[in-house]
Each structure stands twice: as C-alpha cells, then as structure tokens.
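Asker: Structure provided below as structure tokens; questions to follow.
The values are calculated or read from the model by the stated rules, or taken from the named source; none is laboratory data. The model shown is predicted, which means the values in this text are computed figures rather than measured ones. All Cβ positions, even for glycine, are placed from backbone atoms using ideal geometry, and neighbour counts span all protein chains on display. Just so you know, the surface numbers come from the protein's heavy atoms only, side chains and all, with ligands and any DNA or RNA stripped out. Shrake-Rupley method; radii C 1.70, N 1.55, O 1.52, S 1.80 Å.
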Amino acid sequence: MSDPGFDAFDHDAHMRRAFDLAREATERGDEPFGSVLVRDDAVVAAESNRIVTEDDVRRHPELHLAYRACRETSPAERAETVMYTSTEPCPMCAGGMARAGFGRVVYSVGGGEIAEFTGREPSVRSAEILEGITEVVGPVLNDEGRAVHEAFGW
C-alpha cells in the first residue's frame, strides 16, 4: 500500500478531535466514542456515538463514517483517508471499514482495554479483520484516551 503522506498528518490534533466527540457523546447520554475521517491532513467528516440517543445499534461512529464514506466518496478517495478513533473499532465497525477500504485507522484505546473498563470479554481485534485492507495503528495518546473512559465511569 502506498502512503499518501499519512506519516506527516497531525495525528495528535486529529485524535484529540475524536476525544472531543467522545466527550460530546457522553454529555448527550451516549457511550464515549468519537471518530473523524481525515484526507490530506484535513478533517472531512466527524461522528460521535449515538446508539442510545438515536436508539440504533448501528450508530457507532466508525460504522456510520464508513457508511457515509462509501456513499459519498470514491474508492480511491477512501484509500487516501485515515480514520482517527478514540477507541479501537469493534468487529462490526471493522467489518464496515473493510468494505470502505480506508488507507489507515488510528486508535487510542485498545479493545482489550475497553474489555477491562466494561467487564466484557475482549473481541476480535480490528487488525485481524482489516488485515491486507487497512493499516491499523495504535495506541496513540493512550493516557488521554483512557481518561475519557475513566471519566465515563463504565
């Protein structure tokens, strides 16, 4: 896979925007998850978790962004896009992202850490689902990402 300048992106700023979205979700009554899509180092779309307030299990931010990207952008544009997400995508979201074909996904808090917070069993890792399709990078700004979940108080 060619890297269309991903390494030069402002990873910290984009991840912190995902944290802001996760905090907005909790303020609204949803769980603390937020994600942004970035192309050419600019945010092109953003979502926060809305499974409670929209009463829709599909409203994970990663899955909704993958859905929107497939409807609104070409495969070539998606391949030049990075998803920054506050938390490693669950298997459902990683499946949607596999269909979208993003160039990279960058997460802060890993799936195993979320299992510790929630008391649930760890799920299949996103890198396993996205292998050969999308590069998975993380954790990034892990202490800040964990603080968002600690404040939520699972």
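Asker: Filter the range 50-79 down to the residues that are assigned to a loop (DSSP other than H, G, I, E, B), farther than 23 Å from Met15 by Cβ and among the hydrophobic types (A, V, I, L, M, F, W, C) and list them by number.
Answerer: Scanning the range 50-79 gives Val52, Val57.
Asker: Which one of the conditions (1) of a type in the set (Asp, Glu); (2) touching a strand residue (DSSP E or B) at 6+ places or on another chain (Cβ under 6 Å); (3) open to solvent by 20 Å² or more (accessible area, probe 1.4 Å) does Glu62 fail to meet, given that it meets all the rest?
Answerer: (3)
Asker: In this structure, does Thr87 turn out to be open to solvent by less than 70 Å² (accessible area, probe 1.4 Å), touching a Ser or Thr at 6+ places or on another chain (Cβ under 8 Å), among the polar types (S, T, N, Q) and touching a residue at least 60 places away in the same chain (Cβ under 8 Å)?
Answerer: Spelling it out, Thr87 is indeed open to solvent by less than 70 Å² (accessible area, probe 1.4 Å), touching a Ser or Thr at 6+ places or on another chain (Cβ under 8 Å), among the polar types (S, T, N, Q) and touching a residue at least 60 places away in the same chain (Cβ under 8 Å).
Asker: Any residue in the range 7-16 that is open to solvent by 40 Å² or more (accessible area, probe 1.4 Å) and modelled with pLDDT under 95?
Answerer: Yes: one or more hits.
Asker: Follow-up. Just to check your reading of the model, which residue among Ala76, Ala115 is more than 21 Å from Arg17 (Cα to Cα), touching an Asp or Glu at 6+ places or on another chain (Cβ under 8 Å), of a type outside the set (Ser, Thr, Tyr) and loosely packed, with under 15 Cβ neighbours inside 10 Å?
Answerer: Result of the check over Ala76, Ala115: Ala115.
Asker: Examine the range 17-29 for a residue that is free of Cβ contacts under 8 Å to residues at least 40 places away in the same chain, within 14 Å of the chain's Cα centre (by Cα) and within 18 Å of Pro139 (Cα to Cα), and state whether such a residue exists.
Answerer: Yes, some residue in the range 17-29 is free of Cβ contacts under 8 Å to residues at least 40 places away in the same chain, within 14 Å of the chain's Cα centre (by Cα) and within 18 Å of Pro139 (Cα to Cα).
Asker: Moving to a separate point now. If Val57 satisfies every condition in (1) closer than 17 Å to Gly145 by Cα; (2) open to solvent by 70 Å² or more (accessible area, probe 1.4 Å) but one, which is the exception?
Answerer: (1)
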